[in-house]
Every structure is written in structure tokens, then in C-alpha cells.
Amino acid sequence: MSYEKKLMQMKGLVKKKPIEDIVKKKPIEDIVKKEEPEMALPFYLEQWQDAGLKFIKDEKGFYFVKETFYHSEHIHGNIGLNKLQQAKIFMQEVYPTHPLTIAIESPFCFYDTETTGLKGAGVLIFLNGVLKEVENGFLLTQYVLADPGQEVSFLRAIDFWKNEQTIITYNGKSFDLPQLVTRWTMNRNDLPRLKQYHQIDLMHSSKRIWKGELERFKLKQIEEMKLGFRRENDIPGHLAPIIYFDAVKSGNPTNLMKVLKHNEWDILSLVTLYILSVELLQEKEVVETATTYTNIGKWFRDLKTMDASQDWFTFVVNNFSDEETSIAYYFVGLHLKRAGLYEEGLQAFIQALKEISGKYRIEVYIELAKLFEHQLKDFPKALEMTQQCMEYEAKLNIDKYSRLKKELMKREKRIIRKLNISRESAEHNKKRI
């Protein structure tokens, strides 16, 4: 072929052979195969399968799966998984709007991820762990990213795009679910849209319940302190990304399976933590500290569930010593005051003042000052409470109370003015007599 003809062919000026001629010589299936070559399977396929991972291939690519069944009688730590059903029903019937409640008829699962980092657009999820209720027990399905190029198939494997559901996590509100949404968005052209979901984050509820009692809220610490579970030969979470990339590069899945075990323990602990959290809301017997039950009362108060809140504070003052109940007495006083039971509220505040400290002591002083000034009209006592509050605030010497100091000075001047008016009025009445 001449040089000119080659140029013309490149420009599309030379007619190509009709497709019929090509088809006569070669089946169309062969042509399609050439245009869409077979996906290369990972060289470590057999090694990962031998380790217990199932290979799944679909139209989008491939991924690995490990399924583990737990009978309903399975015990993790010192809590049986069979208590989950009762816990779920209790919340639905007694506290239907509580953050821990799984809506009636809502599918739900416990979810935890392992990722290649903590933040950044390049961070991948390489392990999705999903535990669901099945007949006679629970099924944990762990989806493993075969390699970074198979992310679409891997993400599509979980059914969060099929129906709305409740997803229960630990720190999932801040990490797991935002990370999932990010990766889904990055692959949005090849994935169906995620369904709306309701989430229950057990880190938030744990902080609500055990604030002031636990120093750290890592899941491992909660397992050891509250769930009766202690890990042995566990892989530290920060090593998981290194282990995953090494498994893909070398093909050796030994340490990767330890990461799956780490993820498995995380998810089982989510189930038992949910059960324990709900059991504490049932107020059956005293199994925790006054701090814990006071925290629960405060939680209900923040949720505007005032009757339940008052029940919890009353539970605390009836079951613990005076040294442990000062904060509960403060909230009991608030409830009684709002109910118009001023004398009863006064006694509760006085009881709280015996042991309370910090910001709550300031709050008690203020409530006593307001009660004496506005409801009981005892201005000398109102002035005394205000001045004691000013002295205590000065001892704390905290900048954030500067606004409070101004308010207290304003209150002091107002009460003194009322006190002087009251005295002048009394003297005037004496002269008239």
C-alpha cells in the first residue's frame, strides 16, 4: 500500500470492508470478546480461598466473602446474643422515639468497616462487616475488596442500596458511614443510589451512659470494663491498612484473616453493647454506679422526656448514699420547682448543696437564689445564695464564667434594691401603727 493510501485510510477516506465480510470470516462473539477482554483474576485466588474466603464474580467485577453463623444462644463476653430480640421490643414499646430504638418493621444490621486510612479522598474501605438476624441466630457477612480496582463490585455487594434500614455502628456517625458515602459518591456512575438509612451510633450512647465513669471510650476499653470480653492475639486497628496492602501484594492472607477476626469481634461487641445499653434503661436492679444512672436521667431530660428523667433521678436518690446523689438531687429540685412544689424543691436543692461541686454547685446556688427571690420572697436568703455563688465562682477562677459574674452582680444589685424597698416598707408600716 502506498504512503498516500495509508494517509487516506487513517483519515477515513478509504472504505473499510463491510461488516458482513468480517462476520463471514469470524463469529461476532469472537469480535466482542476481543473488544471486552476477560478480567484478569488475582494471582492469589487459590490462597485466599484456602484461607476461608469465598470468591464472588459479577458483571461489575469480583470480591471475596466470609460468612459466619452464630446460634442465638451464642455468648460474647458475658452477654448472650439471644437477648437482642427482647431489648429491641422493649425500646419499641416503652421508648419508641429514643435514639436507641429500632423502628418497628425496619430491617436493621450491625455494621463496621476497616479502611486503608483515616481521612482523605484516597482512603478506601477494604472490609465491610455486616451482621443481620437470620432464622435461629445471626449471620455475619464480611466483604473483602479483592484489589483497589474492584471497588464498584465490592461496594455493590452490600445491600444498603436495596432498601431503607437501621444501621447500628460504633463511631459510625463520624467515620464508617461518611466514609461509605464518600466512596459511593466517587463511584456514583457505576452504582445505584444509596437508600435513606437511620443510624444508631453506640459510641454516642456509651458516652451518654458512662460519662465521668470511663476515661476512654475506645470499644476495646468498653469490652473489658462493661461487656466482660477480653481480646487475645488481636491485630491493632492501625496495622490493618498495612496488612491489607501486603496481602494483595504478596498473596499471603494469614494476617488479613486476623483483621477479619478483629472486625468480627468489633461487630459482636456492637450487639452485646446494644443489649447492655437497653438493659440499663429498664431499671430492673442496681448494677451500675450513681453516676451512670444520673447520666441516664440527664439523657432523658435532654430528650425532653421529663417524667422518665424524674423517675431516674428519684431512683438514684433512693438507692445511693448522699455523697453520690448530689447531682440527682439538683435535677429533682428543678423538676419540683417547675411543678410548683417550691418547698419540696428547696429541700432538694439544699440536699444537693451538701456534696455538689464545680459547675453544678454554681447552678444550685443560682436556683436557690431565684427560688428565694421570686417564689418565696425571702430576699435576705436570696442575697446570701447570690453572694455565696459569687465567692465560689471567684475560687474557680475560670474565664468562661466572666459572663456569669456580670449576671451575679446584676442579680445582687436587684436583690439589694428589693431588700431595701422591703425594709423601708416595713418601717413605714411600723410608723403608721
Can you spot the aspartates and glutamates whose alpha carbon is less than 19 Å from LYS370's alpha carbon? Ignore those fewer than 8 places along the same chain. GLU343, GLU344, ASP378, GLU384, GLU391, GLU393, GLU407, GLU412
May I ask you to evaluate 6.51 cos²θ - 1.76 cosθ + 1.60, the Karplus curve with θ = phi - 60°, for each residue of region 50-61 and list the ³J(HN,Hα) values in order in whole Hz, giving x for glycine and proline? 5, 7, x, 9, 8, 8, 10, 10, 9, 5, 9, x
Helix 306-319: inclination vs the chain longest Cα principal axis, degrees, rounded to 10, gives 70
Under 17 Å from the Cα of LYS211, which aspartates and glutamates turn up, not counting those fewer than eight places away in the same chain? ASP201, GLU223, GLU224, GLU288, ASP302, GLU324
For region 187-305, averaging the sequence separation of alpha carbon pairs under 8 Å that lie six or more residues apart and dividing by its residue count, the contact order in percent is 38
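Place the peptides 98-106, 228-236 in order of packing, highest mean first, counting for every residue the other Cβ atoms within 10 Å and averaging per peptide.
By packing density, highest mean first, the sequence is 98-106, 228-236.
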5 angstrom amide H check on ILE200, placed H, neighbours 5+ away: ILE167, ILE168, THR169
Between region 358-383 and region 269-310, the alpha-carbon center distance in angstrom: 30
Here, trypsin sites (Lys or Arg not before Pro) of region 312-411 satisfying both criteria (DSSP loop; at most 15 other Cβ within 10 Å) are LYS354, LYS377
Using only the alpha-carbon atoms, how far is helix 84-94 inclined from the longest principal axis of the chain? Give it as 0 to 90 degrees, nearest 10. 50
Could you give the size of the charge dipole of region 45-280 about its Cα centre, using +1 on the Cβ of each K and R and -1 on the Cβ of each D and E, expressed in debye and rounded to the nearest 20? 580
Hey, what does the equivalent ellipsoid look like for region 68-110, semi-axes from the Cα gyration tensor as sqrt of 5 times each eigenvalue, largest first, whole Å? 22, 12, 8
0 to 90° range, to nearest 10: angle between helix 290-302 axis and the chain longest Cα axis: 80
Could you sort out which of LYS195/LYS226; LYS207/LYS406; LYS220/LYS258; LYS54/LYS88 sit more than 26 Å apart by Cα distance in this structure? LYS195/LYS226; LYS207/LYS406; LYS54/LYS88
How about LYS132: which aspartates and glutamates have a C-alpha closer than 12 Å to its C-alpha, ignoring those fewer than 8 places off in the same chain? GLU67, ASP159
Can you put MET203, MET225 in order, fewest other beta carbons within 10 Å first? MET225, MET203
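So if the hydrodynamic radius of region 220-366 is defined as the Kirkwood radius over C-alpha pairs, what does Stokes-Einstein give as its diffusion coefficient at 4 °C and 1.567 mPa s, in µm² per second?
My calculation gives 70 µm²/s for D.
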Taking only Cα atoms and a 10 Å spring cutoff, compute GNM fluctuations for the chain and point out the largest among ILE242, ILE267, ILE421. ILE421
Where the only charges are on Cβ atoms (+1 Lys, Arg; -1 Asp, Glu), what is the dipole of the chain about its Cα centre, to the nearest 20 debye? 2320
List the equivalent ellipsoid semi-axes of region 28-166 in whole Å, largest first, each obtained as the square root of 5λ for an eigenvalue λ of the Cα gyration tensor. 36, 18, 15
Only helical DSSP H runs with n ≥ 4 go in: add -39500 (n - 2.57) per run for the chain, normalise by residue count and round the 222 nm mean residue ellipticity to 500 deg cm²/dmol. -16000 deg cm²/dmol
Region 156-201 - percent relative contact order, Cα under 8 Å, separation 6 or more: 64
The chain - Rg (one decimal) and Dmax (whole number), Cα, Å: 32.9, 134
Report, in listed order, any pair from LYS173/LYS304; LYS337/LYS359; LYS218/LYS354; LYS66/LYS284; LYS337/LYS418 with a Cα-Cα distance greater than 30 Å. LYS218/LYS354; LYS66/LYS284
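Which whole-number percentage describes the relative contact order of region 290-432, with Cα contacts under 8 Å and a sequence gap of 6 or more?
About 14 percent, as a whole number.
Any read-out appearing in this document is the output of simple, stated calculations on the displayed coordinates, not a laboratory observation. Keep in mind the model is a prediction, meaning the values are calculated, not measured. All Cβ positions, glycine included, derive from the backbone under ideal geometry; neighbour counts span all protein chains shown.
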